[in-house]
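First the structure, in the form of structure tokens, and then the observations on it.
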Amino acid sequence: MAKLPKMMPPTVAEMYHQIKKAASPWQRDHLGCSGLGDDCERKIWYSWRWWRPPEFDGRILRLFRRGEIEENWLITDLLAAGTTVSEGPEPGKQWRASALGGHMGGSMDGALLGLKEAPKTWHCAEFKTHNKKSFDDLEKKRVRKAKPMHYAQMQLYCHLFGLRRWAYFAVCKDDDRIYYERGEYDQFYAGELMERARRIVEASEPPAKVSERADYYQCRWCHHLDACQTEAIGPVKTCRSCQHGKPVIEGQGGQWICGLGGQPLSGEEQRKGCAKYEQMGRSSLPLFGG
């Protein structure tokens, strides 16, 4: 006799449901520094253009939240170790930076002064959590090879905030080990990332794929797989995926306009779209959600 599937207790299911219900909107207004180190430029572009919503359940969203909680613990422990931690320009505000007319940017976890290895130098700080397998790989390869997206993120923050050093702290969720690595700002690499960001923001067509194979290891788990590789489904109907939606690079505040009449588009208007919607790229693809 086949075993009955294990049922999730209703209370836990409701907890996960409420976590998902309270989650922030999936459409991020700006192109984040945290994603610009991804190998696939098309994946970054799809996210920037709000192509498809990510499919995170309540458990995964709770896992993301744990990283935010761990950040507070790391700051507490750094302060106890005599390190100055600046989380933002004033209480309750993070260090935020933007570029390309406000279309690209991010929030730094903090700036550190008084690290024992270089007590007089300010460092860009990045705090992460890892499972044991990922943590062991990080210890073996170091952050640039093990977590290239994290490395790119720190280089961009150094560039945008004018810092010359970075400090990476990672916690193993299995046994609470702390990994710590310091490094220098790489002006050339940061410049390449900034050019990549401009290329993605200005692109009116999907960039090249990281692979033409749907079974490629970086493609198999991508939530854009169907739209990118199999063309089985198209984008959500928004101004971002419409050929008339245009980012204003020369302005401020991440402005968008409609190419049909030149009128500015609010965030709400971009999410809603309109009856004159025309999909970017391959217009023959079906629409998802509209």
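Maximal additional length on extending the ALA23-GLU68 stretch stands at 14.8 nm, based on 0.36 nm per residue less the C-alpha distance.
Globularity index of the stretch 58-195 is 1.04 (Cα radius of gyration / 2.2 N^0.38 Å, N = number of residues).
PRO54: net charge of surrounding residues, Cβ under 12 Å, Lys/Arg +1, Asp/Glu -1, itself excluded? Before the final figure, lay out each step's value.
On the way: positive: LYS20, ARG28, LYS43, ARG52; negative: GLU55, ASP57.
Counting the neighbours of PRO54, the net charge comes to +2.
How big, in percent, is the set of alpha carbon pairs in the chain lying more than 32 Å apart?
Numbers: 14115 of 41905 pairs.
Tail fraction, whole percent: 34.
The helix-based estimate of mean residue ellipticity at 222 nm for the chain, built from -39,500 (n - 2.57) per DSSP H run of four or more residues and divided by its residue count, is -10000 deg cm²/dmol to the nearest 500.
Computed from the coordinates by the stated procedures, all read-outs in this text should not be read as laboratory data. The shown structure was predicted, so the numbers you read here are calculated from the model rather than taken from an experiment. Reconstructed Cβ throughout: ideal geometry from the backbone, glycine too, with neighbour counts over all protein chains shown.
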